[in-house]
Amino acid sequence: MSWIREGELSLFEKFCASVIKAGPMPRHIAFIMDGNRRYAQKLKVKKLEGHSQGFAKLAQTLQWCLSLGIREVTVYAFSIENFKRSQEEVEGLMELARQKFTRLLEEQENLEKHGVCVRVLGDLPLLPQDIQEQIAKVVLATKHYNTCFLNIAFAYTSRQEMSNAVKELAWGVEEGLLQPSDVSESLIDKCLYSCKSPHPDILIRTSGEVRLSDFMLWQTSYSCLVFQPVLWPEYSFWNLWEAILRFQMNYNALQKARDLYMEERRWQQMEKDKVSVLEKLKEEGSTACADTQRRRALLQELRAQREERIQGFLEALENKRMDFLEKLSTVSA
């Protein structure tokens, strides 16, 4: 089963797609693909068959997103918590992952045709070595494609992602790349696994569960959350259409909340910088009433130095992550 299906919408689906595309469209949709096991129970088949049908639905959903012009999709494929399931189910899921990542490696021409960049978000060392190697090869092979983006959260939880971001910042401070005062919400955001992606506009969870299950908690503060009762393998174009419609109905309120948050974050950083400048003036023996030109010059210098440190740290972090993938990709070469 191909990851990127070739196919077109029906005439009526095309008409409805054109109608909804007249409104604000999401750039990025995240899916919690829930209900595979209940679907298998409903059909009285093995759990692994439910997961296989769930993958088939993912491939179809990606095709719908391409048709609607949605450039980025993130899917919750395997939680770290899923390791607590029965050994048989975990081993079955790992084998399914091997098959699907192998298929991705075989689909290079198709991925290049559509310009699909594949990223895998998660704590890769928790996975079997051969799957880590497959993931590294897929990510490196598609890293320069930029028409659309598929992010696969695998061996992932949001709390682990945030913990890892804090560890990366601590590493930056220990290496002398950052100062503790450089740490901010904005910088934490740039240390997450999802740092190369805009935050999701919509988060969709299927199966009727109304919780996020430790998925993208940081990134979805201002996303449109859509909980739908349908089991994931039974998901349809019309379920996706409904979710986008809900996003459009709430678009103005969501955008206003995002703008207010960004303005507050800028204001907090500005106030923090002013305090730093006053401390610098005191060190120089100047008074708080030093001339405006001197304060402005110190403020510009502080910001420029911080930006230089942050850029150097982010480059070093990206190199570290790429080196990890490069080493993995050459293990079995």
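Okay, here's what the table says:
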| read-out | value |
| --- | --- |
| Within region 223-250, considering residues that are touching a strand residue (DSSP E or B) at 6+ places or on another chain (Cβ under 7 Å) and assigned to a loop (DSSP other than H, G, I, E, B), the one surrounded by the fewest Cβ atoms within 10 Å (Cβ to Cβ) | Asn250 |
| Residue among Thr142, Thr61, Thr147, Thr102 that is within 20 Å of the chain's Cα centre (by Cα) and more than 28 Å from Phe12 (Cβ to Cβ) | Thr142 |
| The lone exception for Asp123 - which of (1) under 19 Å from the mean Cα position of the chain (by Cα); (2) modelled with pLDDT of 95 or more; (3) open to solvent by less than 30 Å² (accessible area, probe 1.4 Å) it fails | (3) |
| Answer from Ser79, Ser18, Ser10 - the residue that is touching a helix residue (DSSP H, G or I) at 6+ places or on another chain (Cβ under 9 Å) and hydroxyl-bearing (Ser, Thr, Tyr) | Ser10 |
| Region 199-222: number of residues that are touching a residue at least 24 places away in the same chain (Cβ under 8 Å), surrounded by fewer than 21 Cβ atoms within 10 Å (Cβ to Cβ) and either in a helix (DSSP H, G or I) or on the phi < 0 side of the Ramachandran plot (or both) | 8 |
| Looking only at region 41-72, and only at residues there that are part of a helix (DSSP H, G or I) and without any contact (Cβ under 8 Å) to a residue 12 or more places away in the chain, the one that is surrounded by the most Cβ atoms within 10 Å (Cβ to Cβ) | Glu49 |
| Whichever residue in region 17-32 is touching a Pro at 6+ places or on another chain (Cβ under 9 Å) and among the hydrophobic types (A, V, I, L, M, F, W, C) and, among such residues, is surrounded by the fewest Cβ atoms within 10 Å (Cβ to Cβ) | Ile29 |
| Out of Leu240, Leu217, Leu212, sole residue that is at pLDDT 95 or above, of a type in the set (A, V, I, L, M) and under 19 Å from Leu62 (Cα atoms) | Leu240 |
| Filter result for Ala77 (in contact with a Gly (Cβ under 8 Å, 6 or more places away or on another chain), assigned to a strand (DSSP E or B), of a type in the set (Gly, Ala, Ser) and modelled with pLDDT of 95 or more) | no |
| Residues of region 80-120 that turn out to be touching a Leu at 6+ places or on another chain (Cβ under 7 Å), open to solvent by less than 10 Å² (accessible area, probe 1.4 Å) and modelled with pLDDT of 95 or more, as a count | 1 |
| Among the residues listed as Arg27, Arg37, the single one being farther than 16 Å from Leu93 by Cβ and either free of Cβ contacts under 8 Å to residues at least 60 places away in the same chain or not aromatic (Phe, Trp, Tyr) (or both) | Arg27 |
| Residue in region 126-164 that is surrounded by the most Cβ atoms within 10 Å (Cβ to Cβ), counting only those that are within 17 Å of His199 (Cβ to Cβ) and of a type in the set (S, T, N, Q) | Asn151 |
| Which numbered condition Val277 fails, given (1) under 16 Å from Val183 (Cα atoms); (2) over 26 Å from the mean Cα position of the chain (by Cα) | (1) |
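Rundown of residues vs (1) closer than 30 Å to Tyr193 by Cα; (2) out of contact with any helix residue (DSSP H, G or I) (no Cβ under 6 Å at 6 or more places or on another chain); (3) part of a loop (DSSP other than H, G, I, E, B); (4) open to solvent by 70 Å² or more (accessible area, probe 1.4 Å), yes/no style:
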residue	(1), (2), (3), (4)
Asn252	yes, yes, no, yes
Asp259	yes, yes, no, yes
Val277	no, no, no, no
Gln293	no, yes, no, yes
Glu307	yes, yes, no, yes
Glu315	yes, yes, no, yes
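The values are calculated or read from the model by the stated rules, or taken from the named source; none is laboratory data. The model shown is predicted, which means the values in this text are computed figures rather than measured ones. All Cβ positions, glycine included, derive from the backbone under ideal geometry; neighbour counts span all protein chains shown. Ligands, DNA and RNA are excluded from the accessible area calculation, which covers all protein heavy atoms including side chains. Shrake-Rupley method; radii C 1.70, N 1.55, O 1.52, S 1.80 Å.
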